[in-house]
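What follows is one structure encoded as structure tokens, with my remarks underneath.
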Amino acid sequence: MSISPPVDITALLAGRKQAVAYALNLLEDRRPEVASQVQRLAAWLSQNARPGRHVIGITGPPGVGKSSMISRLVEYFRKHQKTIGIISIDPSSPKSGGALLGDRIRIRHRPDDDGVFIRSLAAGGHLGGLSANIGHLLLLLEAVYDITILETVGVGQSETDIAHAVDTVISVIHPGSGDMLQFMKSGIMEIPHILVINKADCGEAAARSFYDLKNAMIYMATDKDDWQPIVILTSASQNKGFDTLATALDQHLSWLTAHDIAKRRRWQLWQSLLAFFKAEYGRFGSRLLGGERQILKILEQSDASTPDEGMRCLYDQVTAAMRRKMNMVEDKHIGDS
Amino acid sequence: MTETRLKEKDKPWLMRTYSGYASAAESNQLYRSNLAKGQTGLSIAFDLPTQTGYDSDHPFSYGEVGKLGVPMRNLEDMECLFDQIPMAQMNTSMTINAPAAWLFALYLTAASRQNANIADLRGTLQNDILKEYLSRGTYIFPPAISMRLSAEVISYAVRNVPKWNPINICSYHLQESGATPVQELAFSLANAIAVLDEVKKLGQVTDAQFPSVVGRISFFLNAGIRFVEEMCKVRAFDTLWDRICLERYHVQDPKLRRFRYGIQVNSLGLSDRQPENNVARIIYEMLGVVLTGRARARSVQLPAWNEALGLPRKWDQQWSLRLQQILAFETDLLEYPDLFEGSPVIAQKEKELTEAATAELQKILEMGGAVAAIENGYMKRRLVESNAIRLGNIENGQQTVVGVNKFCDGELSPLVEGMERAFLTVDDAVEAEQISTLQAFRQKRDAAKVEEALDALKQGVRDGRNIVEVSMACAEAGVTTGEWTDALRAMFGEYRAPTGVDGLSLPMETKTENYKVIEKVKKLNARLGRNLKILIGKPGLDGHSNGAEQIAVKARDVGMEVVYEGIRLTPEQIAETALQEGVHVIGLSILSGSHTRLVPEVSRCLAQRGLSDLPIVLGGIIPEADVRQMNIPAVKKVYAPKDYQLNQIMWEIVDIVAAAHHIDMADGD
């Protein structure tokens, strides 16, 4: 089926920033009257996905230097003629819902460079961590840019969410902080594909963290077939270690390609939809559909390729299940009388 | 018995007016006429490109050349500025910080060309870099490097220009950012300690010379309208400084421990409503720092009555000078010794301030000193907080401002009535002229010599030679301000300070109002489909970010998503951010007076990106006539610093966004 997208696709794919901005605005829009446009655009994007695209998630605690690190990565990729789209997520105030989005200034780029696009987002009140439409926004940036980066704050929960949204997860770590290791050991946090100790200029503390983590990784890898996490030292202030980081990113992308990336992406989509479904409908909703495993099965059978399709499918099932339940109650009442 | 009347009248303080504009030649005319009127020293204002180390033709300089001060690009400019003014006899204060070493080198070179003996020169360099990170925003390099440069200037001056004040530790700008008297005391004393410790660490002066370094430290204070408390504040400064010099630096000579300071009275409290009342404010504020003989200001600069409207004209400056002269020469103030010695009321207030400031200073020192307290954002956070409280007090009427939140009805002032512009405007043609004189200068100089001097500068810095020393050869060779700074930028990098708005929430004193705005934002969010997103931008080189920060924090607290990127952005960067972020409205804050150039330029860059309908609100000192003249339909509203009712501003911004999307907010939910 050919879909007519509601935006100027030629301008979009050519990377015209006006078209990219417009499309992102549309995908962020929650109004019911634009829902069908959002669906059409998301569907078109997922059907026309380009091979070789790479979505990278970068996460770490505040102040660890994620933005200045991304700034150096942008510099590196631009030098190698690669284009980059970035989504940077900041927490929002639980009281007012407001947010201060100030990270983009740390990512240096020329305003007239069409090869870099940055959109900041507030985390919003989504219980499932990342909001559902992040998936759509990433789909869009993937379609336009060679590299897509998703930057989030935090340690723990958000890594799990991010792992469902991107191909490669980078955790950025403060030299000398043992938290990350503890989190990984205790299973609170999934093991990232690449661990970066930024601020390598911190000297001994950085070097110690580097060897600690490297040793820990050897013990943590369980399966020979598993990806072996890479530990890297960088220094944004001295611009060191970024070629190593870029190589590691390439390595991971090749590994993914050799390990059925398409299947992995579908699995990721279902996982993120499951998390989102649980946040929306809770345990009651899960029970209605027969539990988590059954939900994953429904998604698998639906062959949904966009977050939107998947959500609609689950929504339909829930309503149907509700209706059945209501009917049962009604039948029972009729029988009683 | 103590002396109750002085045998000889005290010498009056130095009287200056902070001035300079357009070009070196125009400013030279202005200085000569001010000196002829009885002004006894010069206070040079440099334009923002000079203060941030850019030449007049750099993209960042767009719209700022000659606006807030004189453009000073090279030796030729400096010589022109002092044409027929004998530098050997002059006492010159220069408000310059990040590139202080360079401007000092230009001054010294120009003076020796006038055959002045460098060792006799008198004057003051501001050279206080730490407060730039907190409030004024004209920093260039990272804090550690800046501190070293500052210490080198001090070391050079103590050895070669011994009567010069090589640094003016400023609490002035801290008060302008909202500091309380206790914060003013503690923060600036912490700054002074950081500077002295740095000079010591640098090791360019001997241990024997160190007491004279301490003796050359001077301060630049602010005086607010609560003049009794302000007087106690300067007395507390006097007491605390003496204690620090003695206990921390073991300076035995009491003369070298004297607290020497100049003053510019508060501009923050000046209003553009019934602006003639500002004259009364200026006088009362001056009283705070001249009444007490024990800690009287050494030099006084007064703002002009119309500063909240725009740049003062010659006549406005003259009026401010006359206010000082009447107090010094007509009244009997200078005939008596200190009027307040022995007053239990004053002693008690002074004690309270001294104790509170000592505790706060101790806290900062324990944190690792002033540099640490700036890098970790502590001082900046405290200032943004105090300013929010101050604004809140004016908003809820706890603090009275006559003509602003009380006694507002009044007759129209004949001083401003019928006048389109009761202030000075700098012709936009000045910028083009200055660019062409600069380019002509570059043409005629010996390019090889310039290269050689710049190489020698870099080598000298690497070898640890004194920065003033190595810069003087650059001045002679015809290096420009932008070139000198670029050479150092390449070596040291550039710095962006924390914005001070992270993790801050304004005190919600007017809770219901706040709640109403939050509800309104939520209602609009649902209608927009996306959360209301606002970009707060500061185009140009103006570093006064307090207003922008207050608006950013407030907008966040009422539920808006706020994109704020700090100071020093080009119009193109702002337009590009607006596009990429998909914002619903832009707030531009401009206090440098260059709005007539910058706003149209931002608007042009937005139009290029298909965003000509994006609503814009302006904040700053922007006269009504300028708004009309710019005639940009997207500009929906202009706010002045006196518009303190932040909830009202937020309310209006929501309405502006709603109107731009044809949403009727009166509709049911």
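The numbers here are math on the coordinates, done by the rules we state, and not lab data. The shown structure was predicted, so the numbers you read here are calculated from the model rather than taken from an experiment. Every residue, glycine among them, receives a Cβ derived from its backbone with ideal geometry; neighbour counts consider all protein chains shown.
Would you work out which of B:Leu121, B:Ser19, B:Val430 lies farthest towards the positive end of the dipole of the protein assembly as shown? Charges go on Cβ: Lys and Arg +1, Asp and Glu -1.
B:Leu121
What distance in nm separates the simple spin-label points at A:Gln294 and B:Arg489, each placed 7 Å from Cα in the Cβ direction?
Distance between label points: 6.5 nm.
Under a 10 Å cutoff between Cα atoms, tell me which one of A:Ser286, A:Ser96, A:Ser302 has the largest fluctuation in the Gaussian network model of chain A.
A:Ser96
With charges set only on the Cβ (+1 for Lys and Arg, -1 for Asp and Glu), what does the dipole of the range A:262-336 come to about its Cα centre, in debye to the nearest 20?
380
Give the relative contact order (percent, whole number) for chain B; include only Cα pairs under 8 Å separated by 6+ residues.
16
Please compute the Kirkwood hydrodynamic radius over chain B, one decimal place, Å, based on all pairs of different Cα atoms.
Radius from the Kirkwood sum: 26.0 Å.
Between B:Phe407 and B:Gln84, what FRET efficiency comes out of the Förster formula 1/(1 + (r/R0)^6) with R0 = 56 Å and r the beta carbon distance, rounded to 0.05?
0.70
In whole Hz, with x marking every Gly and Pro, tabulate ³J(HN,Hα) for the range B:358-375 from phi via Karplus 6.51 cos²θ - 1.76 cosθ + 1.60, θ = phi - 60°.
For the range B:358-375, the Karplus curve yields 4, 5, 5, 4, 4, 4, 5, 5, 5, 5, x, x, 4, 4, 5, 5, 8, 5 Hz.
Provide the gained length on full extension for the span B:Thr400 to B:Lys363, in nm with one decimal, where the gain is 0.36 nm per separating residue minus the Cα-Cα distance.
Additional length available on full extension: 10.1 nm.
Would you please state which residues of the range A:66-85 a label at A:Ala14 would reach in this model, taking the label point 7 Å out along Cα→Cβ and a backbone N cut-off of under 19 Å?
A:83-84
Over the alpha-carbon set of the range A:262-336, divide Rg by the Kirkwood Rh and report the Rg/Rh ratio to two decimals.
Rg/Rh for the range A:262-336 comes to 1.09.
Considering only the other residues whose Cβ falls under 10 Å of the Cβ of B:Gly619, what net charge follows from Lys and Arg at +1 and Asp and Glu at -1?
Value of the local net charge: +1.
Working only with C-alpha atoms, what are the Rg and Dmax values of the protein assembly as shown, expressed in angstrom?
31.5, 117
What is the set of long-range amide H partners of B:Leu14 at a cut-off below 5 Å, with H atoms built 1.01 Å from backbone N?
Counting only residues 5 or more places away or on other chains, the set is B:Ser299, B:Val300.
Between the range B:565-598 and the range B:126-158, what is the C-alpha centre distance in whole Å?
Cα centroid to Cα centroid, the span is 28 Å.
What FRET efficiency comes out for A:Glu280 versus B:Glu352 if R0 is 51 angstrom and r is the Cβ-Cβ distance? Round to the nearest 0.05.
After rounding, the FRET efficiency stands at 0.35.
With charges set only on the Cβ (+1 for Lys and Arg, -1 for Asp and Glu), what does the dipole of chain A come to about its Cα centre, in debye to the nearest 20?
180
For a quick check: with amide H placed at 1.01 Å from N, whose amide H comes under 5 Å from B:Gly619's, ignoring anything fewer than 5 positions away on the same chain?
Answer set, sorted by chain and number: B:Leu588, B:Ser589, B:Ile590, B:Tyr639.
Can you give the FRET efficiency to the nearest 0.05 for B:Arg32 and A:Gln81, using r as the Cβ-Cβ distance and R₀ = 60 Å?
The formula returns an efficiency of 0.55 here.
At B:Thr206 and A:Met322, where each label point lies 7 Å from the Cα along Cα→Cβ, what is the point-to-point distance in nanometres?
My value for the distance between the label points is 8.9 nm.
Of the listed pairs B:Lys9/B:Lys642; A:Lys214/A:Lys240; B:Lys314/B:Lys380; A:Lys240/A:Lys263; B:Lys380/B:Lys538; B:Lys131/B:Lys351, which have alpha-carbon separations greater than 29 Å here?
Over 29 Å apart, Cα to Cα: B:Lys9/B:Lys642; B:Lys314/B:Lys380; A:Lys240/A:Lys263.
Using the 10 angstrom Cβ neighbour count as an exposure proxy, how do B:Trp315, B:Trp651 rank, fewest first?
B:Trp315, B:Trp651
Based on Cβ point charges of +1 for Lys and Arg and -1 for Asp and Glu, what charge dipole magnitude is obtained for the protein assembly as shown about its Cα centre, in debye rounded to the nearest 20?
Roughly 1020 debye, rounded to the nearest 20.
Can you list residues from other chains, or at least 5 along the same chain, whose modelled amide H is less than 5 Å from the amide H of B:Arg122?
Placed amide hydrogens put B:Thr92 under 5 Å from B:Arg122.
Sorted from fewest to most neighbouring beta carbons within 10 Å, what does the list B:Glu229, A:Glu204, B:Glu581, B:Glu385 look like?
A:Glu204, B:Glu229, B:Glu385, B:Glu581
Rank the residues B:Ser93, A:Ser237 as a footprinting-exposure proxy: fewest other Cβ atoms within 10 Å of their Cβ go first.
A:Ser237, B:Ser93
Work out, step by step, the length gained on full extension between B:Phe441 and B:Ala280: first 0.36 nm times the residue separation, then minus their alpha carbon distance; give nm to one decimal.
Length difference between fully extended and current span is 53.3 nm.
Starting at the first residue of the range B:475-483, write each ³J(HN,Hα) from the Karplus equation 6.51 cos²θ - 1.76 cosθ + 1.60 with θ = phi - 60°, in whole Hz, x for Gly and Pro.
4, 4, 6, x, 5, 9, 4, x, 5
Averaging sequence separations of C-alpha pairs under 8 Å and six or more residues apart, then dividing by the length of chain A, give the relative contact order as a whole percent.
18
Rounded to whole Å, give me the distance from the Cα center of the range B:465-498 to that of the range B:630-664.
Using only Cα atoms, the two centres lie 43 Å from each other.
Could you pull out every one of the lysines with an alpha carbon less than 17 Å from that of B:Lys349, ignoring same-chain neighbours closer than 8 positions?
Leaving aside lysines fewer than 8 places away in the same chain, those within reach of B:Lys349 are B:Lys233.
So what are the ³J(HN,Hα) numbers for the range A:139-153, from phi and the Karplus equation (6.51, -1.76, 1.60; θ = phi - 60°), rounded to whole Hz, Gly and Pro as x?
Working through the residues one at a time gives 3, 5, 4, 4, 5, 9, 10, 5, 10, 10, 10, 10, 10, 9, 8 Hz.
Can you give the relative contact order of the range A:262-336 as a percent, counting alpha carbon pairs under 8 Å and 6+ residues apart?
Over the range A:262-336, the number comes to 32 percent.
As an exercise, identify the trypsin sites (Lys or Arg not before Pro) in the range B:160-234 lying in DSSP coil whose Cβ has no more than 14 other Cβ atoms within 10 Å.
Answer in residue order: B:Lys163.
Cross-link candidates for B:Lys523: which lysines have Cα within less than 20 Å, leaving aside residues fewer than 8 places away along the same chain?
A:Lys95, B:Lys511, B:Lys533, B:Lys554
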